[in-house]
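Student: Structure provided below as structure tokens; questions to follow.
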Amino acid sequence: MWSAGESVLTIQRVSAELGISADTLRKWEQRYGFPRPRRSEGGFRVYDALDLSLLRTAKELIDQGLRPAKVLSSLAASTLDIEVAETSLGTAEGQQQAKLIDGLLALLRQDRLDELDKRLRLDSMAMGLLEFIEARIVPFMRRAGDAWAVGELPVFREHALSKIVQSLLDQPASNKPYKAKAPKVLLATPSGELHALGLAAAKALLTRLRCQCVDLGPNLPVDQLLACAEAVRPDAIGISISSSYSPLDGRAYLKTLRDSVRPETEVWVGGSGVGRMDSLSEGILAFDDLRQLSAHIASRTS
């Protein structure tokens, strides 16, 4: 997003412009992945106009009482999406996808929730489960999250969308028996992680694959998860982490889990927050998308 010909700002200049200390800017970058300054030839941080604008928005939202972790993590995901969009939206397929998502977001902003629900249900019936989640739900939720982060979408509308999506992903209990060799899986999110849509998506897929799922829901302390694992003896534990969750807290939670459960129990992690964690403890399986999870299940049951 930045080239040598653009005007750039030093961290001291940004600090003076916004009234945010340079130390705070560095801590935000380390903890939340935002801002994402480039480096000059001399190795110094440099910021462009977009960085300054997003930081100004972040400061305003935080000053209004919103949690820094939610604001900054959402903006971190937004900047990554911008870079991806620059390479993909120039295609006809990318433009069509963006148009569809814009239409869904317009229905949400206008509180036309019944129509939004109907549109999404029609898509879910026309597409397979994986395609529906990846081509509709994931980009739609990201766009809605971006709009919330910059103050363009009230939180009550974000909650309304979450409720609609949750109902679409909830799967009725299958009448078919669990598949031989299919894993028994505990599903949860870490302490402080309130986003449960990733769990719903994983549960929908695992149920379709005739796995036995125990959904423990969001915001589960690790000691409670370990107690359940000791009682249930699952084959795997699946953790969902969103882009708004702290990467440092996510890594610590997963490490404690991996170090404490039985060696034969697999630990899985998925969700939009996985890409923000630089490294994971040995023995943790990270899935970038549900297709990878589906392939892993297939390899276990073949």
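The values are calculated or read from the model by the stated rules, or taken from the named source; none is laboratory data. Values in this document were obtained by computation on a predicted structure and should not be read as measured data. All Cβ positions, glycine included, derive from the backbone under ideal geometry; neighbour counts span all protein chains shown. Only protein heavy atoms, including side chains, enter the accessible area calculation; ligands, DNA and RNA are left aside. Shrake-Rupley method; radii C 1.70, N 1.55, O 1.52, S 1.80 Å.
Student: Which percent of the accessible area of the chain is formed by carbon and sulfur heavy atoms (probe 1.4 angstrom)?
Tutor: 52 percent
Student: Taking the Cα centre as origin and putting +1 on Lys and Arg beta-carbons and -1 on Asp and Glu beta-carbons, what dipole magnitude results for the chain, to the nearest 20 debye?
Tutor: Values: 38 positive and 38 negative charges, 141 e Å.
It comes to approximately 680 debye.
Student: Continuing with this model, one more query. Output the 0 to 90 degree angle, nearest 10, between the alpha-carbon long axis of helix 138-149 and the longest principal axis computed from the alpha carbons of the chain.
Tutor: 40 degrees
Student: Using DSSP to define loop residues, name the GluC sites (Glu not before Pro) in the stretch 191-277 whose beta-carbon has at most 12 other beta-carbon atoms within 10 Å.
Tutor: Filter output for the stretch 191-277: GLU264.
Student: Let me ask another. Could you tell me the calculated FRET efficiency between ASN219 and LEU18, based on Cβ-Cβ distance and R0 = 45 angstrom, to the nearest 0.05?
Tutor: That gives a FRET efficiency of 0.90.
Student: Let me ask something additional. Please give every one of the aspartates and glutamates within straight-line cross-link reach of LYS184, meaning a C-alpha to C-alpha distance under 12 Å, and leave out same-chain neighbours fewer than 8 residues apart.
Tutor: Partners within reach: ASP215, ASP235, GLU266.
Student: Non-local amide H neighbours of CYS213 (under 5 Å, H modeled in plane, Pro and chain starts lacking H): which ones?
Tutor: Those qualifying (amide H under 5 Å, at least 5 residues apart or on another chain) are VAL185.
Student: Still on this structure, please answer the following. Picking from GLY198, HIS296, THR265, whose Cα lies most toward the positive end of the charge dipole for the stretch 168-302 (charges on Cβ: Lys, Arg +1; Asp, Glu -1)?
Tutor: Value computed over the given set: HIS296.
Student: Can you tell me the relative contact order of the chain? Whole percent, Cα pairs under 8 Å, sequence separation 6 or more.
Tutor: The value is 14 percent.
Student: Let me check I've understood the local charge: for LYS59, count other residues with C-beta under 13 angstrom from its C-beta, Lys and Arg +1, Asp and Glu -1. What total comes out?
Tutor: So the environment of LYS59 carries a net charge of -3.
Student: Could you go through the stretch 32-44 in sequence order and give the Karplus-derived ³J(HN,Hα) for each residue, using 6.51 cos²θ - 1.76 cosθ + 1.60 with θ = phi - 60°, rounded to whole Hz, and x for Gly and Pro?
Tutor: Karplus-based 3J(HN,Hα) across the stretch 32-44 equals 10, x, 8, x, 10, x, 7, 10, 6, 4, x, x, 8 Hz.
Student: A further question on this structure: Using a probe radius of 1.4 Å on heavy atoms only, what accessible surface per residue do you get for the chain? Whole Å² is fine.
Tutor: On a per-residue basis, the chain sits at 51 Å².
Student: Starting from the amide H of GLY238, placed 1.01 Å from N in the peptide plane, find each other amide H under 5 Å away whose residue is 5 or more places distant or on another chain.
Tutor: LEU186, LEU187, ALA188, TRP268
Student: Provide the per-residue ³J(HN,Hα) series for the stretch 195-207, in order, calculated from phi with Karplus coefficients 6.51, -1.76, 1.60 and θ = phi - 60°, each as a whole number of Hz, with x at glycine and proline positions.
Tutor: Listing the rounded values in order: 7, 10, 5, x, 4, 4, 5, 5, 5, 4, 5, 5, 5 Hz.
Student: Over the residues of the chain, compute the C-alpha Rg and express it relative to 2.2 N^0.38 Å. It would help to have the intermediate numbers written out before the result.
Tutor: Numbers: Rg = 20.6 Å, N = 302, 2.2 N^0.38 = 19.3 Å.
With N residues counted in the chain, Rg over 2.2 N^0.38 Å equals 1.07.
Student: Each residue of the stretch 107-113 in order: what ³J(HN,Hα) in whole Hz does its phi give by Karplus 6.51 cos²θ - 1.76 cosθ + 1.60, θ = phi - 60°, with x for Gly and Pro?
Tutor: Couplings: 4, 5, 5, 8, 6, 8, 6 Hz.
Student: While we're looking at this one, here's another question. When all protein chains stay in place, what accessible area (Å², nearest 10, 1.4 Å probe) is found for MET277?
Tutor: 20 Å²
Student: How tilted is helix 247-260 with respect to the longest principal axis of the chain? Cα atoms for both, answer in degrees (0 to 90, nearest 10).
Tutor: Helix 247-260 and the main axis of the chain meet at about 30 degrees.
Student: Report, in degrees rounded to the nearest 10, the 0 to 90 angle that the Cα long axis of helix 222-232 makes with the longest principal axis of the chain.
Tutor: 20 degrees
Student: Shifting gears a bit: What accessible surface, in Å², does a 1.4 Å probe find on VAL222, ignoring ligands, DNA and RNA and rounding to the nearest 10?
Tutor: For VAL222, the solvent-accessible surface is approximately 30 Å².
Student: By the gyration tensor of its Cα atoms, with a ≥ b ≥ c the square roots of the eigenvalues, what is the shape of the stretch 226-300: rounded for a/c under 1.5, prolate for a/b over b/c, or oblate? Could the numbers behind the result be given before it?
Tutor: Numbers: a/c = 1.91, a/b = 1.15, b/c = 1.67.
Since a/c reaches 1.5 but b/c is at least a/b, the shape of the stretch 226-300 is classed as oblate.
Student: Looking at the stretch 187-273, which trypsin sites (Lys or Arg not before Pro) are DSSP coil and have at most 15 other C-beta atoms within 10 Å of their C-beta?
Tutor: ARG210
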